[in-house]
Amino acid sequence: MKKAIVFLISLIFSMSFGQSLKREKIHQFADEYFVEGMFTLKEFLQLPNIGSNPDNINLNLSWCENALKALDFKIELLTSEGVKHLLAEKTYQKKAPTVLFYLQIDGQPVDSSKWNQKNPFDAVIKECVGGECIGLSWEKLTKDFDPDWKVFARSASDSKGPAIAFLQTLRILKEKNINPGFNIKVIMDFQEELGSPTLPALVRNNRNELSADAILIMDGTRPPNNLPTLTFGARGIATMRLTVYGAYKNLHSGQYGNYAPNPVFSLSRLLGSMKDEEGRVLIPGYYDGIKLMGDQKALINSVPQNEEELLMTLGIAKSEAIGETYQEALQFPSLNVRGLRAAWVENEVRTIIPSEALAEIDMRLVPETPAERQIQLLTNFIESKGFYVLEGEPSEAERRKYPKLIKIESRIGSRPFRTPLDSQLGNWLGLAMTRVFGEGNFIRMQSTGGSQPIAPFISELGIPAISVRIPNPDNNIHAPNENLRLGNFHEGLKMCLGILTQKYE
Ligand SMILES: [Zn+2]
């Protein structure tokens, strides 16, 4: 009898802990809490959130603190190199695994004059037909909303929308008395758009506080087909600035044409020699270590993708020849000229021989191609083309001695990460997504082309990471008229409900 009671109690307990909510319930809860979630998002979006502005950080931080306190989370403020981060924690069952959720709270700066609304922080709902968007009253927002309506505001998609989808889901679970399938930690970053400069030190100095079994990044945009997406990696980034020198000053092109060399030609030849006509990098060793094979190749290409449509969307005739598909291309490091400058153009053009030509380079990196190595390879390559490499401005003696002078400056940004598609974390999330949407109605993507500042967590804590992607692909993030599609926010609630009620094992 006693045994039977213990069994019964443990059965009831295991049912309330990490119970898998049925698909119908998930849809029902998302409907029930959608409008309230949208109004919470509106309130949160009203707080300006430029990461370089301490007042903005404090404003958002205290809002988040209150929101998490109301959900019975234990709050801790972690300061790293003078910048505040918010850590929140809730233990549902002592022995259960812990998942750390990373939320980005800050946004890109705004230029109000370029937005089609007065204040980019005052969220507006709009109905868009054929590129024309008409504002709607918030009173129109009911359970029977049109999923194609969009809410326009800075950070709607990047990433306050996903943050509120997550917080609203915690609220649903609390009110419905459902315990998640694991313990939860939340780390909030208020300087993601600045490259999270203090995150590596934060993780290094707070290993215990941040320790977890896995990390989920609630940030990032979906691919063009707008299906619910899990992304298992991100490329890292390193940037370089190359300055090629000519004469001391800009020179009259009549007086000195045919006599003083123009650095634009020298820089152009150099840049031109870095890639072949098919877009493949010609720097020796640039792709070393990368092998895409059999099963892995098939998994990478399992993302439904119409390449013809993609070429059409981009308005290009032919893609570059790195990898056989778009998804494969993202598994390689890229080499990009992100800006060029020499003298003046358009209305300001003048007949001179420029004294300098400057190219800004960015390299997106994968785990096999570390930033230090790629920077060194590019530097060696430049030297092999007969350039004398400087770290600062050329001296008089250097100008006289070396006909080809170049200054190279480099900066390493976030590191790449990659979680195997068939990892435990991947399989667990796959179960959650399948329960909500059904197999085939969501995407597992090996790597996004962009970068996320998550590597410190992975390298310091030794835990895998996956990013959960809610926002629509046409969301204008970082630009004027950033928006989040209402249907995506609604689906975001369902994604979070599925994940939070999937027992982590
Ligand atoms: Zn961003």
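The values are calculated or read from the model by the stated rules, or taken from the named source; none is laboratory data. Not measured: the values here are computed from a predicted model. No Cβ is skipped: glycine too gets one built from the backbone with ideal geometry, and neighbour counts run over all protein chains shown. These area figures cover heavy atoms from the full protein model, side chains too; ligands, DNA and RNA do not enter into them. Shrake-Rupley method; radii C 1.70, N 1.55, O 1.52, S 1.80 Å.
I'd like to check something: does the range 150-157 contain any residue that is among the hydroxyl-bearing types (Ser, Thr, Tyr) and in a helix (DSSP H, G or I)? Write out each step before concluding.
Residues of the range 150-157 that are among the hydroxyl-bearing types (Ser, Thr, Tyr), as a first pass: 155, 157.
From what's left, in a helix (DSSP H, G or I): 157.
Yes.
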Checking Arg222 against (1) in a helix (DSSP H, G or I); (2) out of contact with any Asp or Glu (no Cβ under 8 Å at 6 or more places or on another chain); (3) within 16 Å of the ligand (Cβ to nearest atom), the condition it does not meet: (1)
State which residue pairs qualify: first residue at positive phi and inside the range 92-108, second residue within 16 Å of the ligand (Cβ to nearest atom) and in a strand (DSSP E or B) in any location, beta carbons under 8 Å apart, and separation of 6 or more residues or different chains. none
For the range 62-112, which residues satisfy the criterion of being outside any strand (DSSP E or B), within 16 Å of the ligand (Cβ to nearest atom) and open to solvent by less than 30 Å² (accessible area, probe 1.4 Å)? Ile105, Asp106
Evaluate the following for Met15: is it part of a helix (DSSP H, G or I), at pLDDT below 95 and hydrophobic (A, V, I, L, M, F, W, C)? yes
Considering only residues that are touching a Gly at 6+ places or on another chain (Cβ under 8 Å) and closer than 26 Å to Cys64 by Cβ, which ones fall in the range 108-129? Gln117, Val124, Ile125
Within the range 201-213, identify whether any single residue is at negative phi, within 16 Å of the ligand (Cβ to nearest atom) and buried (at least 20 other Cβ atoms within 10 Å of the Cβ), and answer yes or no. no
In the list Phe182, Phe152, which residue meets the criterion of being closer than 26 Å to Arg207 by Cβ and either touching a Lys or Arg at 6+ places or on another chain (Cβ under 7 Å) or crowded, with 23+ Cβ neighbours inside 10 Å (or both)? Phe182
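Matching residues to (1) open to solvent by less than 30 Å² (accessible area, probe 1.4 Å); (2) hydrophobic (A, V, I, L, M, F, W, C):
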| residue | (1), (2) |
| --- | --- |
| Glu398 | no, no |
| Tyr402 | no, no |
| Ser423 | yes, no |
| Met433 | yes, yes |
| Glu439 | no, no |
When the range 165-196 is checked residue by residue, the ones that are part of a helix (DSSP H, G or I) and away from the ligand (no atom under 16 Å from the Cβ) are Ala165, Phe166, Leu167, Gln168, Thr169, Leu170, Arg171, Ile172, Leu173, Lys174, Glu175
The range 152-173, residues that are over 20 Å from the mean Cα position of the chain (by Cα) and over 26 Å from Lys84 (Cβ atoms): Ile172, Leu173
Residue among Ile217, Ile237 that alone is among the β-branched types (Val, Ile, Thr), within 16 Å of the ligand (Cβ to nearest atom) and open to solvent by 10 Å² or more (accessible area, probe 1.4 Å): Ile237
